[in-house]
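Peer 1: Dropping a structure here in structure tokens format, bear with me for questions.
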Amino acid sequence: MYALLKQTAGAGLNLEDVAEPVVRDRDVLLKVRAASICGTDVHIFDWHESIREWMNPPVIVGHEFTGEVVAVGKDVRRVKSGDLVSVESRIACGECYQCNTGRKHLCTNLKIIGIHSDGGFAQYASIPQESCWKLDREIPVEVACMMDALGLAVHAALEEDVCGNTVVVFGSGATGILAGSVAKAGGAEKVITLGRTPYRLSLAQRMGADYTINIRTCDPREEIMELTRGKGVDLVLEMSGSEAAINLGLAVLKKGGKFTAFGIPRQRVMIDWTNELVMKGIRLHAIIGRKIFHTWYKMMALLDMGRIDPRPVVTHRMKLTDYPRAFEMLKSKEKNCGKIMFEID
């Protein structure tokens, strides 16, 4: 089969012919239908410092994908051949303290498909049965392939009560845009999204943001305070990892407000702990991954009720052979794209 992999340490990826994966007793073999690119995949492409200690090439990349079950190991009971599944990319050990207390997403021995083991940028993928989320055949492929990303947005946006609140989203990448859409679906009175590129800010507005702010063309603090009539916001969803965004988010947050930390900074961040956290009495909650599988049930409820439609976030469909152009678009300064989905045949 053909697959896109990180062959060796260093920048770039390689599209190569490789052997089809082996299916072990508790594994499921998928014929991959579609896969979407995550920001982590861009870091893998660049061989960013944040990914080097996690990954030991060669590894087939891609952790946001969907496929049809074509074979199962002898101990598999969760799915059968012919089922359509989306993939929970985080593999928990099932034995550590976190796993035994219902927090598998915080597993001490966590492994991630497409980083620690072969992923879905390939014609076939073998995954543990525990990573399978069975879907109705009618679900659109764009939704099925990015349930991983949508789950991150659902976890981040709904970990705090958003109903009736003013929410500001820092970051107009795909997950930030989805988080704003989920917050609106959860009853947020006002959603404000900040970003750097007109294309993605326009997409955020299409996905439900009430206001968008281009931080390159105005003073974002002034804009936020004007939109909130000087009161500040109830909830910050920090999805960018930017130190400037983190400090701005703390500055515009009301006393007693809530700050959800999702974005991962590239280096240590300096904040005014005394004045912006303690003296304002805020609550800071860090988000990682999806709650397995609690977040998935929430996500499916929102989809089934028609409260969210993530399809517009997929702005480009490409073949896996087009991967150089896809990564070039995602790495460009303009970022004239949302999610890029690979259609795999």
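Peer 1: Test Arg90 against the criterion of being touching a residue at least 60 places away in the same chain (Cβ under 8 Å) and in the same structural domain as Met329 (by TED's automatic domain parsing), and give yes or no.
Peer 2: Yes; evaluated as a whole, the condition is true for this residue.
Peer 1: From the set of residues in region 239-260 that are small (Gly, Ala, Ser) and in contact (Cβ under 8 Å) with a residue 12 or more places away in the chain, which is nearest to Val168 (Cα to Cα)?
Peer 2: Going through the qualifying residues, I end up with Gly249.
Peer 1: Sticking with this structure for a sec: Could you identify the single residue in Lys254, Lys291, Lys231, Lys258 that is among the basic types (Lys, Arg) and under 30 Å from Cys145 (Cβ atoms)?
Peer 2: Lys291
Peer 1: Quick check, is Ser50 assigned to a helix (DSSP H, G or I) and either surrounded by fewer than 21 Cβ atoms within 10 Å (Cβ to Cβ) or touching a Cys at 6+ places or on another chain (Cβ under 6 Å) (or both)?
Peer 2: yes
Peer 1: Going through region 56-85 one residue at a time, which ones are among the charged types (D, E, K, R) and touching a Cys at 6+ places or on another chain (Cβ under 9 Å)?
Peer 2: Selection gives Glu64, Arg78, Asp83.
Peer 1: I would also like to ask the following. Within region 246-283, how many residues are surrounded by 14 or more Cβ atoms within 10 Å (Cβ to Cβ) and not in a loop (DSSP other than H, G, I, E, B)?
Peer 2: 16
Peer 1: Could you go through region 39-59 and let me know if any residue there is out of contact with any Ser or Thr (no Cβ under 9 Å at 6 or more places or on another chain) and under 21 Å from Phe293 (Cα atoms).
Peer 2: No; the residues of region 39-59 include none that is out of contact with any Ser or Thr (no Cβ under 9 Å at 6 or more places or on another chain) and under 21 Å from Phe293 (Cα atoms).
Peer 1: Under the condition of being charged (D, E, K, R) and farther than 25 Å from Asp46 by Cα, which residue from region 82-110 is farthest from the chain's Cα centre (by Cα)?
Peer 2: Glu95
Peer 1: Among the candidates Lys331, Lys291, Lys298, single out the residue that is at pLDDT 95 or above and over 20 Å from Leu152 (Cβ atoms).
Peer 2: Only one candidate qualifies: Lys331.
Peer 1: Read through the list (1) crowded, with 17+ Cβ neighbours inside 10 Å; (2) out of contact with any Cys (no Cβ under 9 Å at 6 or more places or on another chain); (3) among the hydrophobic types (A, V, I, L, M, F, W, C); (4) within 30 Å of Thr315 (Cα to Cα), then give the number of the only condition that Ala11 fails.
Peer 2: Status for Ala11: all satisfied but (1).
Peer 1: Further, regarding this structure: Criterion first (at negative phi, buried (at least 23 other Cβ atoms within 10 Å of the Cβ), modelled with pLDDT of 95 or more and outside the structural domain of Ile177 (by TED's automatic domain parsing)) does Glu20 satisfy it?
Peer 2: no
Peer 1: Taking the conditions exactly as written (acidic (Asp, Glu), in contact with a strand residue (DSSP E or B) (Cβ under 9 Å, 6 or more places away or on another chain) and either free of Cβ contacts under 8 Å to residues at least 60 places away in the same chain or not in a strand (DSSP E or B) (or both)), does Glu95 satisfy them or not?
Peer 2: Considered against the rule, which asks whether it is acidic (Asp, Glu), in contact with a strand residue (DSSP E or B) (Cβ under 9 Å, 6 or more places away or on another chain) and either free of Cβ contacts under 8 Å to residues at least 60 places away in the same chain or not in a strand (DSSP E or B) (or both), Glu95 comes out as no.
Peer 1: Moving to a separate point now. So, in region 136-174, of the ones that are surrounded by fewer than 19 Cβ atoms within 10 Å (Cβ to Cβ) and not assigned by TED's automatic domain parsing to the domain that holds Phe121, which residue ends up farthest from Lys254 (Cα to Cα)?
Peer 2: Selected residue: Glu159.
Peer 1: Against the condition more than 25 Å from Leu15 (Cα to Cα) and either of a type in the set (Ser, Thr, Tyr) or crowded, with 19+ Cβ neighbours inside 10 Å (or both), how does Leu106 come out, does it pass?
Peer 2: In short, no.
Conditions tested, residue by residue: (1) in a helix (DSSP H, G or I); (2) under 16 Å from Lys31 (Cα atoms); (3) modelled with pLDDT of 95 or more; (4) in contact with a Ser or Thr (Cβ under 8 Å, 6 or more places away or on another chain).
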position: Asn109; (1), (2), (3), (4): no, no, yes, no
position: Ile127; (1), (2), (3), (4): no, yes, yes, no
position: Val143; (1), (2), (3), (4): yes, no, yes, no
position: Ala156; (1), (2), (3), (4): yes, no, yes, yes
position: Cys163; (1), (2), (3), (4): no, no, yes, no
position: Val169; (1), (2), (3), (4): no, no, yes, yes
position: Gly176; (1), (2), (3), (4): yes, no, yes, yes
position: Gly180; (1), (2), (3), (4): yes, no, yes, yes
position: Ala188; (1), (2), (3), (4): no, no, yes, yes
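Peer 1: Just the residues that are touching a helix residue (DSSP H, G or I) at 6+ places or on another chain (Cβ under 9 Å), surrounded by 14 or more Cβ atoms within 10 Å (Cβ to Cβ), assigned to a loop (DSSP other than H, G, I, E, B) and of a type outside the set (A, V, I, L, M), please, taken from region 70-92.
Peer 2: The answer is Gly73, Arg78, Glu88, Ser89.
Peer 1: Looking at Ile113, Ile60, which one is within 23 Å of Gly151 (Cβ to Cβ) and within 17 Å of the chain's Cα centre (by Cα)?
Peer 2: So the residue among Ile113, Ile60 that is within 23 Å of Gly151 (Cβ to Cβ) and within 17 Å of the chain's Cα centre (by Cα) is Ile113.
The values are calculated or read from the model by the stated rules, or taken from the named source; none is laboratory data. Here the structure is a predicted model, which means the values were calculated and not measured. Cβ atoms come from the backbone with ideal geometry, glycine included; neighbour counts cover every protein chain shown.
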